[in-house]
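Please treat every number below as a calculation from the coordinates, not as lab data. Treat the numbers as computed from the prediction; the structure is a model and nothing was measured. Every residue, glycine as well, gets a Cβ built from its backbone with ideal geometry; the counts of neighbours run over all protein chains shown.
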């Protein structure tokens, strides 16, 4: 969507804060031995308490409240009987609707890491990449700059871009135009960011693989090898200056 008023901004910020707080609460309560369904239930209770509707279930019939992806799972992990373990890379991706407005965010972290090793670096560097990209965006910037920046940051950090998982438009529905904002540079894309445009920025970086494949359950996308993947995501509003991050606490 493209915002029309201050009321639009405030409505997006309201649902964005709920999305961010849901992720924060789920991360706070995550424990080894807990199933991903139990973790998902925490997110459902939090959203229900704040009148928000889980967007994946509402819009596309996803069999869960949130997407919880672990280790080699890159995206759209279905909450279920899988038990979390210390040292797992966990991605919590939450999107919600409130009063006709949508926000979408994701966060990857290592559950009770034994040390500050490669997996912690992967999660923290992916977050830094997302924030670096957001900081460079404003009205008039070419859309393909997003992909170029993600590629450059990944290369500088010794990591790889998962190339078939994209950022997208959001706001009045979960996925809007532009539906695929590529995470790599496409010199043929001449589109420019517009003032008031609402999009996600969500780099997926890995320690090896550059493409995710279907896992066979109809939803989950995973890496085809034993490498690990992290994602961080914010919903932002493009302005003439710095973007407004609506999914920040």
Residues 36, 66, sorted so that the one with the fewest Cβ neighbours within 10 Å comes first: 36, 66
Using Cβ contacts closer than 10 Å as the measure, can you line up 228, 204, 109 from fewest to most? 109, 228, 204
What is the gain in length, in nm to one decimal, between residue 10 and residue 131 on full extension, counting 0.36 nm per residue of separation less the C-alpha to C-alpha distance? 41.4 nm
What shape does the range 31-169 have by the C-alpha gyration tensor, where a ≥ b ≥ c are the square roots of the eigenvalues, rounded means a/c under 1.5, and otherwise prolate means a/b greater than b/c and oblate the rest? oblate
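222 nm [θ] for the chain, helices only, -39500 (n - 2.57) per DSSP H run of 4+, per residue, to 500?
-10000 deg cm²/dmol
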Average Cα contact separation per residue, the chain, under 8 Å, 6 or more apart, as relative contact order %: 24 percent
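Using Cα pairs under 8 angstrom and six or more residues apart, how large is the relative contact order of the range 1-118, in percent?
28 percent
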Rank these for me by crowding, 40, 189, 99, going from fewest to most other beta carbons within 10 Å. 99, 189, 40
Could you tell me the relative contact order of the range 102-249? Use alpha-carbon pairs under 8 Å, at least six residues apart, and round to a whole percent. 32 percent
Please label the shape of the chain as rounded, prolate or oblate, based on the square roots a ≥ b ≥ c of the eigenvalues of the alpha-carbon gyration tensor (a/c under 1.5 means rounded; beyond that, a/b larger than b/c means prolate, else oblate). oblate
Rounded if a/c is under 1.5, else prolate if a/b beats b/c, else oblate: with a ≥ b ≥ c from the C-alpha gyration tensor eigenvalues square-rooted, which is the range 131-227? oblate
